[in-house]
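Reading through the structure tokens given below for one structure.
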Amino acid sequence: MMKYLTTTRVKKVLITTLCFAVALLLFTATVTAVENNVIKGILEENITISADTQILGIIDGNVTIPSPHTLTLDGIIVGEVTIDAGATFYLNGIVWGAVVNNGGTLVQTGIIGEGPLE
């Protein structure tokens, strides 16, 4: 009997593959570096953006983007993202939690997931 790939299964496979690729690239990054408002490596805490910032690593926690700041995500956030009024969020990577938009700007080319895969 031939198994057919459902859209959900294809999405899960693609997301898993992307996560693996990003994790592989960041494997040697055990310490988080913040230089020129660029976050690299793995950060295991909730954060509030205090300047225009780019995330290239992994944030294991919730992220809040207050006005008038901009966050560009080219990595992964394992948690919820809150966009306040007047803030901007460029989502090019993956958010594994909800994105709560309280009147800000969301530009999405990445993926909003529903938590870890089963």
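Be a star and scan region 37-69 for residues whose amide nitrogen sits under 20 Å from the point 7 Å along the Cα-to-Cβ vector of ASN102.
45-53, 61-69
Ordered by packing density, taken as the mean number of other Cβ atoms within 10 Å over each peptide's residues, highest first, how do 54-63, 83-92 rank?
54-63, 83-92
5 Å is the cut-off here: which amide hydrogens, built 1.01 Å from N in the peptide plane, fall below it relative to GLY113, excluding neighbours closer than 5 in sequence?
VAL95, TRP96, GLY97
Say a paramagnetic label sat at a point 7 Å from the Cα of ALA85, along Cα to Cβ; which residues of region 98-113 have their backbone N under 15 Å from it?
Hits in region 98-113 for ALA85 at 15 Å: 101-105.
Every number here is computed from the coordinates shown, using simple stated rules; none is lab data. Computed from a predicted model, the values in this text were never measured in an experiment. A quick note on method: Cβ atoms are made from the backbone with ideal geometry, for glycine too, and the neighbour counts reach across all protein chains shown.
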